[in-house]
Amino acid sequence: MDLSDGSTNVNIPNEHQIDVIDMRHQNPRPCLIENGYELIKHNFSLSSDQFLSGTTPEGEALIREVHSEVAELLKSFTGSKIVRPSSFRNRGLNPQSRDVTMMPSTCNILAVAHIDHDRESAETAIRRKLGDEFDELWARYSHYG
């Protein structure tokens with residue numbers, strides 16, 4: 001937002017019709033090679049309470065510790081040589097989030113919308129994460145996630 005005149009680069013949202021599928025019960029189960037995504041069952045060392053405390057300094061430290069566990073899981077599953085987990089976002093869900101009667105009924109523009117990275121925006125995010133290693137790794141590998 002340009003604070004001097006109030007203008008923004010926010011456009012009228014596009015409407016899209018989508019099919020929502022609960023992947024946990026999808027049959028046949030999605031697989032990485034055919035669908036580009038897959039669910040893996042794994043019991044992490046991080047408890048649910050520790051996961052939900054991820055926004056506190058102590059919780060953030062625990063999340064950073066579990067990044068190595070995530071990296072090893074991804075390496076073993078995908079065969080990747082380099083895995084660097086770099087982002088954790090707890091979207092603020094709680095048990096009441098599923099009860100629509102408890103949710104405020106308002107309609108407003110969101111300040112930030114979650115959009116998965118495309119190749120262009122991923123390049124910026126990965127460059128920020130890898131720093132000096134970026135140019136070599138970006139040129140060498142064609143897959144990122």
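The values are calculated or read from the model by the stated rules, or taken from the named source; none is laboratory data. In this text the structure is predicted, and so the values were computed from the model without any measurement. All Cβ positions, glycine included, derive from the backbone under ideal geometry; neighbour counts span all protein chains shown.
Every condition in (1) at pLDDT 75 or above; (2) within 24 Å of Tyr141 (Cα to Cα) is met by Ser87 except one, and the failing one is (1).
Filter the range 52-66 down to the residues that are surrounded by 15 or more Cβ atoms within 10 Å (Cβ to Cβ) and under 25 Å from Tyr144 (Cα atoms) and list them by number. Scanning the range 52-66 gives Gly54, Leu62, Ile63, Val66.
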